[in-house]
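Have a look at the structure below before the remarks.
The values are calculated or read from the model by the stated rules, or taken from the named source; none is laboratory data. Treat the numbers as computed from the prediction; the structure is a model and nothing was measured. Cβ sites come from the backbone with ideal geometry, for glycine too, and all protein chains shown count toward neighbours. Side chains are part of the model used for accessible areas, which takes the heavy atoms of the whole protein and leaves out ligands, DNA and RNA. Shrake-Rupley method; radii C 1.70, N 1.55, O 1.52, S 1.80 Å.
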Amino acid sequence: MGDALKLGELIIDVVRKDIKHVHLSIHPPAGRVRIAAPRRLSEDAIRAFAIGKIRWIRAQQAKLLEQERETPREYLNRESHYLWGQRRLLQVIEMDERPSVDVRPGKLLLKVRPGSPVERRAEVLEAWYREQLRQELPPLVKRWAKRLDVQPAGVFLQRMRTRWGSCSPARSTIRLNTELAKKPRECLEYILVHELVHLLEPTHSARFVSHLDQALPGWRERRELLNRLPVRHEHWDY
């Protein structure tokens with residue numbers, strides 16, 4: 001169980017783990033703040049760390065509250081969906097054959113069996129987005145792993161609610177959000193490079209920023225682009 005740290009009106013969830021460094025994260029939709037701290041770190045030290053990050057926390061919370069959110073998807077004809085940052089209208093075709101998705105100018109053709117419910121339509125489209133990422137990633141990973149001189153043991157795809165990517169330096173593995181197939185390709189590249197740099201520096205320290213600046217000088221602009229784009233509607237459970 002975690003503890004709660006209160007700084008004025010700000011409440012921060014604190015979770016102690018067997019880790020070496022403090023990790024601070026802000027979670028949508030309302031900007032819940034969470035600190036993962038080493039078990040050995042004192043409460044006073046955690047409080048001092050949090051106080052030093054107050055301005056950053058407030059800025060990130062403001063961005064989350066300002067970010068546009070998609071309306072719930074119903075997977076109906078002429079509903080807006082996105083592929084690599086481009087808006088496309090969904091066209092649902094009911095056919096007695098294997099479900100599939102095809103790209104047409106300005107459209108995504110979703111072929112499903114007659115009477116397929118919304119949940120099934122969502123599954124077919126989600127699997128298709130995952131496949132788009134699987135095709136896009138190998139050359140990107142190869143190029144950036146070589147450029148950064150890192151050796152990721154694996155890059156995995158999964159649907160994430162609170163982040164675009166994550167890295168486990170101890171296992172040298174990276175996980176990317178399947179929603180990235182909907183964003184411009186430069187956003188996918190930024191998230192991948194960001195996580196690969198964590199194989200060189202686990203924390204968001206000055207050393208981490210220096211590595212990222214050298215590898216991808218325009219990363220801040222890409223981050224801002226990603227932050228401006230609508231994010232998926234979710235039913236948050238916390």
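Note on the stretch 162-181: residues that are more than 16 Å from R134 (Cα to Cα) and of a type in the set (G, A, S) total 4.
Of the residues E131, E179, E97, E136, only one is among the acidic types (D, E) and out of contact with any Lys or Arg (no Cβ under 8 Å at 6 or more places or on another chain); which?
Details: E179 fails: out of contact with any Lys or Arg (no Cβ under 8 Å at 6 or more places or on another chain); E97 fails: out of contact with any Lys or Arg (no Cβ under 8 Å at 6 or more places or on another chain); E136 fails: out of contact with any Lys or Arg (no Cβ under 8 Å at 6 or more places or on another chain).
Unique residue meeting the criteria: E131.
Whenever a residue of the stretch 124-141 is within 17 Å of E189 (Cα to Cα), its partners that are of a type in the set (D, E, K, R) and open to solvent by 50 Å² or more (accessible area, probe 1.4 Å), lying with C-beta atoms within less than 8 angstrom and at least six residues away or across chains, give the pairs E136/R185.
Do you know which residues across the stretch 87-101 are part of a strand (DSSP E or B) and open to solvent by 40 Å² or more (accessible area, probe 1.4 Å)? Passing the criteria: R87, R88, Q91, I93, E94.
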